[in-house]
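The values are calculated or read from the model by the stated rules, or taken from the named source; none is laboratory data. What you see is a predicted model, and the numbers here were worked out from it, not measured in a lab. Note that we place each Cβ from the backbone using ideal geometry, even for glycine, and neighbour counts take in every protein chain shown. We work out accessible area using only protein heavy atoms, side chains counted, and drop any ligands, DNA or RNA first. Shrake-Rupley method; radii C 1.70, N 1.55, O 1.52, S 1.80 Å.
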Amino acid sequence: MTKQQANWSPYDFNGGTCVAVAGADYCVIAADTRMSTGYNILTRDYSKICKLADKSFLASSGFQADVRALQKHLEARHLIYQHQHNKQMSCPAMAQLLSNTLYYKRFFPYYAFNVLGGLDNEGKGCVFTYDAVGSYEKVGYSSQGSGAKLIMPFLDNQLKAPSPLLLPARDAVTPLSEPEAIDLVKTAFASATERDIYTVSVNGDKLEIVVLNSEGMRREYMDLRKD
Amino acid sequence: MGYKFVILRPYCASPLTMVPYVTGTSVIGIKYKDGILIAADMGGSYGSTLRYKSIERLKAIGKHSLLGASGEISDFQELLRYLDELILYDNMWDDGNSLGPKEVHSYLTRVMYNRRNKFNPLWNSVVLGGVKNGQKYLGMVNMIGVHYQDNHVATGFGNHLAVPILRDEWREDLSFEEGIKLLEKCMRVLIYRDRSAVNKLQVVEEWVVQSIAKITEEGVSISPPYSLKTFWEFSAFKNPTAGAAGSW
């Protein structure tokens with residue numbers, strides 16, 4: 001007798017790749033705009049980047065319904081924080097909140113692969129990278145999602161992360177300038193889209209880039225093949 | 001494959017709800033110049049039997065929204081009950097405001113997602129469209145809560161057969177006639193190639209006529225059921241067993 005199999009899964013994989021790079025006084029958060037299921041594209045125009053606070057942007061890929069629920073949850077928590085503390089949450093504080101929120105559903109996880117990017121209280125760029133159940137780490141750069149395995153080695157090579165074993169601890173924030181970092185991110189996506197079917201920024205799909213710096217935030221859509 | 005076992009006991013709220021019984025097939029929706037157009041056939045399949053041929057899968061919701069559902073018909077009827085209550089409470093405020101398509105879509109998304117969290121999904125994929133204050137909206141939600149908005153959406157087989165046509169031929173400034181022709185083109189392909197499709201369809205239209213940002217007319221209309229012309233006189237169909245002896 002064949003083993004019983006479930007005919008329904010509460011999860012789906014809607015694809016996508018997210019990247020964030022921290023600089024001395026800026027942070028670049030980028031994600032593609034494709035939403036897919038199986039071999040179908042549902043839409044070419046879906047944003048994976050969400051503003052949680054003035055200086056915290058969350059980019060998430062994975063199961064879109066869970067990602068959206070997670071974003072709504074964190075937005076609501078931030079609103080409550082603002083009412084109670086009369087100020088915006090700092091990026092490190094939001095990072096901890098995200099970790100706790102993910103672990104809260106440790107036994108029915110949010111199928112979301114997150115990268116949180118922002119500026120800390122001194123205006124320096126910070127990036128936090130997560131797994132689906134809340135393990136997190138402050139890093140200088142990270143990528144998550146279907147194209148991460150293609151992009152991460154490239155970033156490691158270009159951004160030359162110092163070993164975490166060194167003492168005293170070295171800062172992983174990149175010395176690159178903002179335009180150089182943006183160019184690097186575009187290059188990373190250009191490469192990933194060549195080989196990852198779930199991450200594509202061609203044929204009408206786009207790359208969405210959010211840049212946070214001392215002047216504020218700007219959101220740009222770049223169609224890689226046209227620039 | 002082809003097994004339809006219930007999900008393992010400890011996680012399932014109700015083992016009877018994990019298998020659809022009477023199902024509707026694709027729904028297709030597009031935005032056009034003056035509003036929204038949604039089309040669906042009137043079939044309700046019971047497995048491989050085309051059991052029901054007069055099921056209205058397109059409904060108007062409140063003043064501004066249109067709902068088209070595919071999947072389990074009884075769950076669609078349950079969704080209509082949820083929405084009736086939502087619209088009733090909205091009307092009872094009697095404050096001149098009314099829920100627009102964006103709000104209804106958001107509500108539906110939350111309902112579907114919460115049912116999925118309890119392992120008791122409403123086995124549907126729905127298209128939700130509408131116009132409010134001149135703003136067009138078109139979205140889709142499925143049974144696990146995955147949702148999006150776009151200029152054209154489809155459920156089920158429509159994703160495979162209709163969306164490629166829409167991606168190629170949809171334009172921002174489609175007139176009503178062009179929009180209907182485009183939808184009919186997609187529905188025709190579905191009739192030919194989707195075994196659950198029935199050649200009896202309805203199209204619902206929500207339109208707004210604007211002149212320099214002022215809305216002069218707004219309305220919703222559901223067409224009576226009609227059929228599309230199909231062509232079956234291909235010579236290969238005439239003698240279907242002709243090549244059988246020599247083929248693999």
Which of the residues spanning the range B:112-127 are touching a strand residue (DSSP E or B) at 6+ places or on another chain (Cβ under 9 Å) and either within 9 Å of another protein chain (Cβ to nearest Cβ) or among the β-branched types (Val, Ile, Thr) (or both)?
-> B:112, B:113, B:123, B:126, B:127
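Looking at A:71, A:64, which one is within 14 Å of chain B (Cβ to nearest Cβ), surrounded by fewer than 24 Cβ atoms within 10 Å (Cβ to Cβ), among the polar types (S, T, N, Q) and in contact (Cβ under 8 Å) with a residue 12 or more places away in the chain? Don't jump to the end; show me each part of the working.
Numbers: A:64 fails: surrounded by fewer than 24 Cβ atoms within 10 Å (Cβ to Cβ).
Only one candidate qualifies: A:71.
A quick yes/no check of all residues on (1) open to solvent by 10 Å² or more (accessible area, probe 1.4 Å); (2) within 12 Å of chain A (Cβ to nearest Cβ); (3) at pLDDT below 95; (4) over 22 Å from residue B:34 (Cα atoms):
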{"site": "B:63", "(1), (2), (3), (4)": "yes, no, yes, no"}
{"site": "B:73", "(1), (2), (3), (4)": "yes, no, no, yes"}
{"site": "B:86", "(1), (2), (3), (4)": "yes, no, no, yes"}
{"site": "B:94", "(1), (2), (3), (4)": "yes, no, no, yes"}
{"site": "B:103", "(1), (2), (3), (4)": "yes, no, no, no"}
{"site": "B:110", "(1), (2), (3), (4)": "yes, yes, no, yes"}
{"site": "B:133", "(1), (2), (3), (4)": "yes, no, yes, no"}
Answer yes or no as to whether residue B:67 is in contact (Cβ under 8 Å) with a residue 24 or more places away in the chain, within 28 Å of residue B:34 (Cα to Cα), touching a Ser or Thr at 6+ places or on another chain (Cβ under 9 Å) and more than 11 Å from chain A (Cβ to nearest Cβ).
-> no
Which one is nearest to the other protein chains (Cβ to nearest Cβ), of the residues in the range A:29-45 that are surrounded by 24 or more Cβ atoms within 10 Å (Cβ to Cβ) and more than 17 Å from residue A:90 (Cα to Cα)?
-> A:35
Looking at this structure, is residue A:56 of a type in the set (S, T, N, Q), under 30 Å from residue B:152 (Cα atoms), open to solvent by less than 10 Å² (accessible area, probe 1.4 Å) and touching a helix residue (DSSP H, G or I) at 6+ places or on another chain (Cβ under 8 Å)?
-> no
Given (1) closer than 19 Å to residue B:197 by Cα; (2) part of a strand (DSSP E or B), where does residue B:66 come up short, assuming only one miss?
-> (1)
